[in-house]
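The values are calculated or read from the model by the stated rules, or taken from the named source; none is laboratory data. As the structure is a prediction and not an experimental result, all values here were calculated from the model. Cβ placement follows ideal geometry from the backbone for every residue including glycine, while neighbour counts extend to all protein chains displayed. Note: areas computed on protein heavy atoms with side chains; ligands, DNA, RNA excluded. Shrake-Rupley method; radii C 1.70, N 1.55, O 1.52, S 1.80 Å.
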Amino acid sequence: MKIIGFGGLSESGKSYSGKYLERKYGIPRIKLVNILEKLRYNFFKNKINLDEFHDFLYSTENKFTTFLLDQMILEIEYHYGDHPVIVVESLRNPILGKHFKTSLGDNFENVYFEVAFLTRVRREAEKLGESVDEIIEKTYLKDQEKILHGALEFKELSDIIYDNNGTIKMLEIFLDDLVKNYI
């Protein structure tokens with residue numbers, strides 16, 4: 001099974017890409033937050049919330065982090081192992097990216113979507129039917145949160161950095177080419 005991880009800042013095309021591949025090819029798309037929530041509950045019940053668990057998990061590499069990331073991989077393999085390729089969205093943490101790459105080797109590929117800030121803002125404004133001015137601060141704040149959690153470091157680990165400043169059609173051609181060997 002090949003796992004393709006999509007990373008990037010807010011509104012860079014991660015979710016669109018996952019939905020496109022799911023719709024066109026039936027490739028499962030996974031939001032890691034759902035697996036994190038299951039692991040949090042299994043190991044801590046409700047003693048810590050998801051944000052606290054996320055902060056603990058990614059604050060430093062330790063044996064417990066390694067154990068939980070291995071559990072995450074096992075969950076993915078258990079639920080999706082019969083698929084030749086799956087997509088994991090919203091990768092932003094370098095610890096997770098390094099661990100997946102080390103554990104899965106060539107069966108894991110990082111794709112980082114690079115898009116200019118104002119392009120991302122404009123796209124989000126169009127999608128929500130709001131003005132660019134209304135979206136600028138929201139996007140900036142979301143970006144800061146992702147950067148705080150290592151999104152730019154994750155970019156440096158990526159196998160592919162895709163310039164997604166172009167058209168939807170250009171993105172779809174890139175995605176078709178990305179998965180053609182697995183479908």
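In this calculation the C-beta distance from N165 to K138 is compared with R0 = 25 Å, giving a FRET efficiency of 0.80.
Suppose we look only past 13 Å in the calculated P(r) of the range 42-100. What percent of the Cα-Cα pairs does that tail hold? Considering the range 42-100, 67 percent of its Cα-Cα pairs are separated by more than 13 Å. Note on the chain: along the principal axes its Cα atoms extend 43, 38, 26 Å, ordered by decreasing extent. Surface exposure of the range 53-183, expressed per residue as accessible area with a 1.4 Å probe, stands at 55 Å².
With Cα atoms as the point set, the radius of gyration and Dmax of the range 137-183 evaluate to 14.1, 40 Å.
For the chain, the carbon plus sulfur part of the accessible surface works out to 53%, probe radius 1.4 Å.
For the range 1-76, the equivalent ellipsoid derived from the alpha-carbon gyration tensor has semi-axes of 26, 14, 12 Å in decreasing order. Peptides 162-168, 125-131 ordered by packing proxy, namely the average of other Cβ atoms within 10 Å per residue, highest first: 162-168, 125-131. Under the Kirkwood approximation for Rh and a Cα-based Rg, what ratio Rg/Rh is obtained for the range 77-183? Here the Rg-to-Rh quotient is 1.01.
Label-to-label distance, S15 versus I147, with points set 7 angstrom from Cα along the beta-carbon direction: 2.2 nm. Highest mean packing first, where packing is the average number of other Cβ atoms within 10 Å per residue, the peptides 37-46, 146-155 line up as 146-155, 37-46. Helix content alone sets the calculated 222 nm mean residue ellipticity of the chain: runs of n ≥ 4 DSSP H residues at -39500 (n - 2.57) each, divided across all residues, give -19000 deg cm²/dmol.
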